[in-house]
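Asks: Below you'll find the structure I mean.
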Amino acid sequence: MSKRLQLLLADDEIAELKGRAREERMTVSAWVRRAIYHEMNERPASSVRAKLELIDRLSDLGFPSGDYRDIAADIESDYGDGLNDATGSSP
């Protein structure tokens, strides 16, 4: 079953919309349906793609990674080593 959707746009937005639809030899309704479909289905994929690209770039920086507990233990042990080095005492 189809439902009607009413949309209010400014005159310049309507003109732009009609121009884009005309360039692609489509009705305004078909162009809008395609744009909505794209936003609903393609945009999340591009968002995921952008996140994965960011992860790749960040992984190139060489920061430590792994299990949080292991990394936290390494950090804690380094703090302790730094204190011992500063005070001249050993564990």
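The values are calculated or read from the model by the stated rules, or taken from the named source; none is laboratory data. Fair warning: this is a prediction, and the values are worked out from it, not measured in the lab. All Cβ positions, even for glycine, are placed from backbone atoms using ideal geometry, and neighbour counts span all protein chains on display.
Asks: So which residues in segment 50-64 are aliphatic (A, V, I, L, M) and not in a helix (DSSP H, G or I)?
Replies: Scanning segment 50-64 gives a single hit, LEU61.
Asks: So, in segment 18-39, exactly how many residues are in contact with a helix residue (DSSP H, G or I) (Cβ under 6 Å, 6 or more places away or on another chain) and at pLDDT below 95?
Replies: 0
Asks: Related question: Looking at LEU17 and the list (1) outside any loop (DSSP other than H, G, I, E, B); (2) loosely packed, with under 10 Cβ neighbours inside 10 Å, which single condition is not satisfied?
Replies: Condition (2) is where LEU17 drops out.
Asks: Same structure, new question: With the requirement that a residue be over 18 Å from LEU5 (Cα atoms) and part of a helix (DSSP H, G or I), what does segment 22-45 give you?
Replies: ARG22, GLU23, ASN41, ARG43, PRO44, ALA45
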